[in-house]
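Structure first, then comments.
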Amino acid sequence: MLIRLAWLWIAGLVVSSTPAARAGASNSLLDVSTDGKLLAAANRDNGTVSIVDLATNQVLREVKVGSKPEGVTFVGTTHAVAATVYGDDKIVLFDGDSGATLREIEVRDEPYGIVSSADGSKLFATLEYPGEVVEIDAASGQIGRTVPAGAFLRGIAVAPDGKRLFVTEYLTGAVVAIDLESGTVVDRWQGSGSENIARNVTLHPRRPKAYVPHIRSRTNINQGEGSVVPFVSVIDTEAGEGRRRKAIPMDSFISVFVVANPWETAVSPDGGTLCAVFAGTDDMYVCNVIDDDYRELSFRKVVKLGQNPRAVRFAPDGQTFYVYNTLDFNVAVYNAVTLKKQATIEVCENPLGDEVLRGKVLFYSALQPMVGRRWISCASCHPDGDGDGRTWQNPEGLRNTTALYGMAWTHPIHWSADRDESQDFEHTIRGRLMQGQGLIKGKVLDSLGAPNKGLSADLDALAAYCNSHKVPYSPSARHGLSDAAKRGKELFFAKETRCAECHSGPYYSDSTPARPFKLHDVGTGADDPSEKMGPQFDTPTLLGIYRTAPYLHHGKAATLEEVLTTCNAGDRHGKTSHLSAAQIADLVEFLKALPYEDPEPQAKAAGLQKIER
């Protein structure tokens, strides 16, 4: 009865006027109800959403929603809450006052950002893969329109007049506008070719401006200074491509003070203040918004935050803002005038265990002892264990960034198998790229030599976090293999194609810690004049390959089709030259369907070695 009454309440809601500041206008891990009474915090690491009473700053309840909630919004002016559950491919709606689940809505894959229309009748969410925006009727939970809008969509915001959505491409930083009357893409603001990792977009409440925090991955620079550069781009939403996109470098915003890994921005209800949180250096810029269409922002203050801040949100009256320090598992309350912290709200317990939590803190840190110059952290290229879609010019040659999924089962590490344990990343920490003090006191041992494991509790914790990432299921096989994928599977395992000779076992890789390592010359080593260590390379897992373009160690294959055709001259990377175009397409469909089952039970049954840390 409670659920039915809650939905009658939402469905019958009529809003006479839109407040100057309201809930659900841009994506975030935090949201504040329009009446300012409740705060919702999506706790990504423990699969819950916490509801906080803002009169007392006390957690009222913690609602279980599923694996990896990445976005949360109040629905219109109500206390109903919608959360995107990235790991379970669903959107959960519940009553914030009681915690009762109202609906669970299955979506295609990887819902990330979510916003609400002002009247609460519609919800809009980005589906990272395959790059769609989905419209949901809030009262019925029915999915309406689905709009293909780009590649790997994350950030989303709804215009103050409710006529447009603005979304970001995660790996390119591009901003796309969707007209809500027609349900079509009507504009696009493309950044430079190096723009990368854009999770959030925020709109000014009165002016035609959008703010996008992101980085620039300068892949030809293999040192800390300037390799990963923090930006906030200001988009003029009334101008089109090439006319109004201003990228403001945050590393030189005030003198030479460097911040790292911009995650989210928020604009005050009066439009005069912008806050930007930096998850690598654990700080925040508070900026004045300048109405000049030129400078856009001016510096006000740096505020030191807790560990790994990923969200910032203003209260509707603009007097307070909230910051989510995700690896402290708390929300800090700040006075928006004095910028003084007023309270700290513990929103959930640490679900990771002490060792993995310590490793995750180090992984995201762009501070000592991990990093000397503040620009870059491990997470700059491997956010949440994912890849960054980039190919870097490393000293040993071109190297395509790989995801960490399943790494515990596929040692050795790197394309060149030049590391046999995650603890060997101490060399990276101390090297030109990160320039950190390091986690071992004293000398670090050579890679592939005596183990560095056991020499530092912090280094072992970093290894434990790196090895903790599991492979997500492919959306292409949610309901089993398609007919095309089944035909592709037969081709993959056929003796003639030889695909399964190297991409074998439950992780589709013959990489094991046993010496000598199994390295293979697949004919790609000579493609890169800068290569120093080829032509033999370690076999990468194929699990999750649907989302890890570009391909091959040098990243020169833009698609899986190219891996099997133009980048496989002489059939040295499996025998595929005899396959028809239809057969190549079938083989690609099978690869895109990996994994369609959990590989760990098979790996354990086969006696494969898992390296926990």
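A short reminder: the numbers here are calculations on the coordinates, not readings from a lab. Here the structure is a predicted model, which means the values were calculated and not measured. A quick note on method: Cβ atoms are made from the backbone with ideal geometry, for glycine too, and the neighbour counts reach across all protein chains shown.
To the nearest 20 debye, what is the magnitude of the charge dipole of the chain about its Cα centre, counting +1 on the Cβ of each Lys and Arg and -1 on the Cβ of each Asp and Glu?
Numbers: 64 positive and 75 negative charges, 170 e Å.
Here the chain has a charge dipole of around 820 debye.
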- line: With the 8 Å Cα cutoff and a minimum separation of six or more residues, region 362-481 has a relative contact order in percent of 26 percent
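Dipole of region 354-466, Cα-centred, from +1 at each Lys and Arg C-beta and -1 at each Asp and Glu C-beta, to the nearest 20 debye?
Numbers: 12 positive and 14 negative charges, 94 e Å.
Using only the charged Cβ atoms, the result is roughly 440 debye.
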query: Pairs of lysine in region 2-346 with Cα under 24 Å and at least 8 positions apart or on different chains: total?
result: 20
- line: Listing S252, S116 by rising number of other beta-carbon atoms within 10 angstrom, fewest first, gives S252, S116
- line: The alpha-carbon center of region 483-544 and that of region 101-127 are separated, in whole Å, by 39 Å
message: Compute the helix-to-body angle for 2-11: its Cα long axis versus the longest principal axis of the chain, expressed 0 to 90° and rounded to tens.
response: 70 degrees
task: Distance between Cα centroids, region 443-462 to region 463-477: provide it in whole Å.
output: 24 Å
query: Which shape class applies to region 354-466: rounded if a/c is under 1.5, otherwise prolate when a/b exceeds b/c and oblate if not, where a ≥ b ≥ c are the square roots of the Cα gyration tensor eigenvalues?
result: rounded
- prompt: With no solvent and one point per C-alpha, what does the Debye sum give as log10 I(q)/I(0) for region 288-365 at q = 0.11 Å⁻¹?
  reply: -0.39
- prompt: Going by how many other beta carbons lie within 10 Å of each one, how would you line up L339, L274, L560, fewest first?
  reply: L339, L560, L274
- prompt: Among the trypsin sites (Lys or Arg not before Pro) within region 383-451, which fall in a DSSP loop and have no more than 11 other Cβ atoms within 10 Å of their own Cβ?
  reply: K441, K443
task: Only one of the values (1) 0.96; (2) 1.16; (3) 1.25 was calculated from this structure for Cα Rg over 2.2 N^0.38 Å; name its label.
output: (1)
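Counting every Cα pair in region 514-613, what percent are over 22 Å apart? Mind showing how you got there, number by number?
Values: 2039 of 4950 pairs.
Cα-Cα pairs in region 514-613 separated by more than 22 Å: 41 percent.
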field: Relative contact order computed over region 475-605 (Cα-Cα under 8 Å; 6+ residues apart), in percent
entry: 37 percent
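Expressed in nm², what is the orientationally averaged projection area of the convex hull enclosing the Cα positions of region 2-346? Before the final figure, lay out the partial values.
Numbers: hull surface 62.9 nm².
Mean shadow area of the hull around the Cα atoms is 15.7 nm².
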message: From Cα pairs below 8 angstrom and at least 6 apart in sequence, can you work out the relative contact order of the chain, rounded to a whole percent?
response: 9 percent
message: How big is the dipole moment of region 475-605 about its Cα centre under a simple scheme where the beta carbon of each Lys and Arg is +1, that of each Asp and Glu is -1, and everything else is neutral? Debye, nearest 20, please.
response: 180 debye
- request: Starting with the fewest neighbours, write out S377, S182, S28, S482 ranked by other beta-carbon atoms found within 10 Å of each beta-carbon.
  value: S182, S482, S377, S28
- request: In vacuum, with every alpha carbon of region 455-546 counted as one equal point scatterer, what does the Debye formula give for log10 I(q)/I(0) at q = 0.24 Å⁻¹? Two decimals, please.
  value: -1.25
